[in-house]
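The values are calculated or read from the model by the stated rules, or taken from the named source; none is laboratory data. These numbers were taken from a predicted model, which means no experiment stands behind them. Note that we place each Cβ from the backbone using ideal geometry, even for glycine, and neighbour counts take in every protein chain shown. Ligands, DNA and RNA are stripped out before the accessible areas are found, and what is left, the full protein with its side chains, is counted by its heavy atoms. Shrake-Rupley method; radii C 1.70, N 1.55, O 1.52, S 1.80 Å.
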Amino acid sequence: MTTQTQPAIFILGAGPKIASAVANLFVKNGNFAVGLSSRSAENLEKYKSLLPEGTKVATAVADANDPASCVKALDTLKSALGAPSVVVFNAGSLSLGKKPIADMTLEDMEGHLRMNVVSGFAVMQWGTKNIVKDAEGRAAILVTGGGLSLQPREGMSGLAAGKAALINLAKAFKVEAPPTIIVNGFVDTEGWPNHTSPAIAKDYWDLYTQKEDEWAYEVMH
């Protein structure tokens, strides 16, 4: 694993909440370059505007419904910014909507698993092959989980199953290909201060900066 002069963070599943808070904190605390990827080029321009002025940033369109597009986006970001020291998989299948489990089709469940698990696998595997250490010898792959992985809710069994499987997959990467780290927690639960984006972003930074021999593997809110 080589070392990067200016570290970069790549975020698959860019958005105005968790992803934006994480990107801003890494820029503020570590002068990171930022690579953002989401389904919409128009939205990516909005997310770029949320970063501090002067941030070195690149964007690439990808859809978690197409795992190959996630790999292509990561390659595009690497070409623009160099290899990252942090890769974040922040995508999920919430966009597929709610449906009672009795009404779900095989295609519905396949869609949830493809977006959460197969794309998550593609991103984590790419990270293990391309990530580089920063000047202080740090590198991490961070995965956003969710409370549904522990306790499903009505109409959200597909997302719950996908997040639960994603966590198990991340643990498999932890066993076979360090330095994978997983972040698991409720995301932006309205009205709960410790579930807000800035609070969760701090967990990402703390995981990234902790000593390798003292790594916590999982953070839950």
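Considering region 159-204, and only residues there that are polar (S, T, N, Q) and either more than 23 Å from TRP126 (Cα to Cα) or out of contact with any Lys or Arg (no Cβ under 9 Å at 6 or more places or on another chain) (or both), the residue that is modelled with the highest pLDDT turns out to be ASN168. Note on region 101-136: among residues that are modelled with pLDDT of 90 or more and in a loop (DSSP other than H, G, I, E, B), the one that is surrounded by the most Cβ atoms within 10 Å (Cβ to Cβ) is ILE131. For first residues located in region 158-169 and charged (D, E, K, R), partners that are part of a helix (DSSP H, G or I) and lie 6+ apart or on another chain with Cβ distances below 8 Å form the pairs LYS163/ASN116; LYS163/LEU148; LYS163/SER149. Take the conditions farther than 16 Å from TRP205 by Cβ, of a type outside the set (Val, Ile, Thr) and either open to solvent by less than 20 Å² (accessible area, probe 1.4 Å) or at pLDDT 95 or above (or both) and apply them to PHE26. Does it pass? For PHE26, the condition - farther than 16 Å from TRP205 by Cβ, of a type outside the set (Val, Ile, Thr) and either open to solvent by less than 20 Å² (accessible area, probe 1.4 Å) or at pLDDT 95 or above (or both) - is not met.
Scanning region 62-84 for residues that are over 27 Å from GLY97 (Cβ atoms) and out of contact with any Ser or Thr (no Cβ under 9 Å at 6 or more places or on another chain) yields ASP75, LYS78, SER79, LEU81, PRO84.
Being assigned to a loop (DSSP other than H, G, I, E, B) and either aromatic (Phe, Trp, Tyr) or modelled with pLDDT of 95 or more (or both) is the filter here; which residues of region 1-13 pass it? Passing the criteria: only PRO7.
The rows are residues; the columns are (1) charged (D, E, K, R); (2) part of a loop (DSSP other than H, G, I, E, B); (3) within 15 Å of the chain's Cα centre (by Cα).
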| residue | (1), (2), (3) |
| --- | --- |
| ALA21 | no, no, yes |
| LEU25 | no, no, yes |
| ASN29 | no, no, no |
| VAL34 | no, no, yes |
| ASN43 | no, no, no |
| LEU51 | no, yes, no |
| GLY54 | no, yes, no |
| VAL71 | no, no, yes |
| LEU74 | no, no, yes |
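Of the residues ALA91, ALA83, ALA58, which single one is touching a residue at least 12 places away in the same chain (Cβ under 8 Å), at negative phi and outside any loop (DSSP other than H, G, I, E, B)? Going through ALA91, ALA83, ALA58 in turn, the sole match is ALA58. Across region 92-109, a minimum of one residue is classified as under 16 Å from the mean Cα position of the chain (by Cα) and aliphatic (A, V, I, L, M).
To keep it simple, each residue is scored yes or no on (1) closer than 23 Å to LYS28 by Cβ; (2) of a type outside the set (A, V, I, L, M, F, W, C); (3) at pLDDT 90 or above; (4) surrounded by 17 or more Cβ atoms within 10 Å (Cβ to Cβ).
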residue	(1), (2), (3), (4)
LEU44	yes, no, yes, yes
ALA62	no, no, yes, yes
PRO67	no, yes, yes, yes
CYS70	no, no, yes, yes
THR76	no, yes, yes, yes
ALA83	yes, no, yes, yes
VAL86	yes, no, yes, yes
PHE89	yes, no, yes, yes
SER93	no, yes, no, yes
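The single condition among (1) closer than 17 Å to ALA23 by Cβ; (2) open to solvent by less than 60 Å² (accessible area, probe 1.4 Å) that GLY146 does not satisfy is (1).
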